[in-house]
1. Can you work out which of the residues in region 240-256 that are small (Gly, Ala, Ser) and farther than 16 Å from THR53 by Cβ is nearest to ligand 2 (Cβ to nearest atom)?
2. Being touching a Leu at 6+ places or on another chain (Cβ under 9 Å), of a type outside the set (A, V, I, L, M, F, W, C) and either under 21 Å from GLY147 (Cα atoms) or within 13 Å of ligand 1 (Cβ to nearest atom) (or both) is the filter here; which residues of region 159-177 pass it?
3. Please specify each residue of region 214-241 satisfying the condition of being charged (D, E, K, R), closer than 14 Å to MET186 by Cα and touching a residue at least 24 places away in the same chain (Cβ under 8 Å).
4. Residues to consider are VAL56, VAL33, VAL47; find the one that is more than 16 Å from ligand 1 (Cβ to nearest atom), at pLDDT 95 or above and aliphatic (A, V, I, L, M).
5. If you go through region 178-187 one residue at a time, how many are open to solvent by 10 Å² or more (accessible area, probe 1.4 Å) and either under 16 Å from the mean Cα position of the chain (by Cα) or farther than 16 Å from VAL148 by Cβ (or both)?
6. Just the residues that are more than 16 Å from LEU64 (Cβ to Cβ) and aliphatic (A, V, I, L, M), please, taken from region 113-131.
7. If I filter region 210-226 down to residues being open to solvent by 10 Å² or more (accessible area, probe 1.4 Å) and in contact with a strand residue (DSSP E or B) (Cβ under 7 Å, 6 or more places away or on another chain), which single residue comes out as nearest to ligand 2 (Cβ to nearest atom)?
8. Specify which of the listed residues (GLU206, GLU247) is of a type outside the set (Val, Ile, Thr), over 14 Å from the mean Cα position of the chain (by Cα) and outside any helix (DSSP H, G or I).
Amino acid sequence: MSRQPAVLTVTLNAAVDKTYRVEGFCLDRVFRVEAGRVVAGGKGINVARVLHTLGVPVVATGFLGGHNGAFILDSLKQEGIPGDFVWTQGESRVCLAVIDPINGTQTELNEVGPEIHPEEVVALEKKLEALLPRFDYVTLSGSAPPGVPDDFHARVIRIGRESGVKVVLDSSGALLRHGVEAIPWMVKPNRAELAAIFGREPAGREDALQMARRLREKGIGIVVVTLGKQGAIWVSAEGAWFAQPPEVEFVSAVGSGDSMLAAMLYAVIQGMSAPDVLRWGVAAGAANAAVFGAGFCTREQIEALVPKVRCERLSCRLFAGERRNCHLR
Ligand SMILES: Nc1ncnc2c1ncn2[C@@H]1O[C@H](COP(=O)(O)OP(=O)(O)OP(=O)(O)O)[C@@H](O)[C@H]1O
Ligand SMILES: [Mg+2]
């Protein structure tokens, strides 16, 4: 019996994620805060949470350290998500998000994370080399703590290719810039992340589409550009689409990109068409924006939004050498 495709999520900078709800939040005042939600976080962990919710076998890896690291691993265990991490001498970070439901704002205070020692970097590389062949997809999400070389993701993408694993890159800054040069299977930048690659944010949807096409020209299989609540653009060998999420009652968009990534992988594994994969992704991003915390939307909430996503095909020329009948899986 063939096993179900499995996903490995890599989180270099895992976090204890605290979310406070503060009505009328502003600077230079004291607020009394009722107990906020405290959960395991970091972008790859959010991706793992939504994959687990959707029934996709997933393992979370990366760096963990100290009491915060132990809390993260224990929380994952309680959620039913297996973790296989490299332990660091430094303490995993805390990220604080303050949601103001009155003004619709979201303020984030994110620690940079512990200093990672060179031998810890080598230990994670070794672990990934050993783990990768057991998985079909690997996600590289988020920023890195200090001490991780800028080409870390690029190296994993190359190892992944050699092992026949599809690598999804959803990172920022120099890690992203180096990563795209290593040609991942899929990349999912938002506006700020496009600016890290191209030196400027896209001026609008058309500009974002052009930037996505330029990334495709490098040889990246699937490029998804997210534009917050405006929606997202998909460009692959199948063509280009733009999808707009339905209006949702906004709570917090922290982790919308991660939820989207997980739902797209789920849809790819189900064998869905490119526009349906995008629909599932956009629906999950919206479902996440309507709940408290990162990646806590349910399958039912996502499924209910899928038919409400407006998806339009964008005119797309095929680049030389592209295969017309490229299967997403
Ligand atoms: N307020 C919102 N209402 C509805 N859908 C949303 C909202 N915010 C985001 N989404 C959906 O989720 C997708 C991903 O969101 P976004 O562009 O914020 O990703 P991101 O910047 O990578 O987020 P993060 O890295 O925090 O997970 C968007 O393309 C959109 O479809
Ligand atoms: Mg993101």
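1. Quick first cut of region 240-256, residues small (Gly, Ala, Ser) only: 240, 243, 252-253, 255-256.
Add one more test, that the residue is farther than 16 Å from THR53 by Cβ, and what stays is 240, 243, 252-253.
Values: ALA240: 20, ALA243: 16, SER252: 14, ALA253: 10 Å.
Of everything passing the filter in region 240-256, ALA253 is nearest to ligand 2 (Cβ to nearest atom).
2. ASP170, SER171
3. Here is the first cut: in region 214-241, the residues charged (D, E, K, R) are 214, 216-218, 229, 238.
Narrowing the set further to residues that are closer than 14 Å to MET186 by Cα leaves 214, 216-218, 238.
Answer for region 214-241, where residues must be charged (D, E, K, R), closer than 14 Å to MET186 by Cα and touching a residue at least 24 places away in the same chain (Cβ under 8 Å): ARG216, GLU217, LYS218, GLU238.
4. Details: VAL33 fails: at pLDDT 95 or above; VAL47 fails: more than 16 Å from ligand 1 (Cβ to nearest atom).
Only one candidate passes the filter, namely VAL56.
5. In the first step, residues of region 178-187 are kept if they are open to solvent by 10 Å² or more (accessible area, probe 1.4 Å); the result is 178, 181, 183, 185.
Narrowing the set further to residues that are either under 16 Å from the mean Cα position of the chain (by Cα) or farther than 16 Å from VAL148 by Cβ (or both) leaves 181, 183, 185.
So the answer is 3.
6. Matches in region 113-131: VAL122, ALA130.
7. So the first thing to find is which residues in region 210-226 are open to solvent by 10 Å² or more (accessible area, probe 1.4 Å), and the list is 210, 213-214, 216-219, 221, 226.
In the following step, the residues that additionally are in contact with a strand residue (DSSP E or B) (Cβ under 7 Å, 6 or more places away or on another chain) were identified as 213, 216, 221, 226.
Working: ARG213: 21, ARG216: 19, GLY221: 19, THR226: 7 Å.
Per the criteria, the residue is THR226.
8. Criteria check complete, one pass: GLU247.
The values are calculated or read from the model by the stated rules, or taken from the named source; none is laboratory data. Since the structure is predicted, the reported quantities are computational estimates derived from the model, not experimental observations. Backbone-built Cβ (ideal geometry, glycine too); neighbour counts: all protein chains shown. Ligands, DNA and RNA are excluded from the accessible area calculation, which covers all protein heavy atoms including side chains. Shrake-Rupley method; radii C 1.70, N 1.55, O 1.52, S 1.80 Å.
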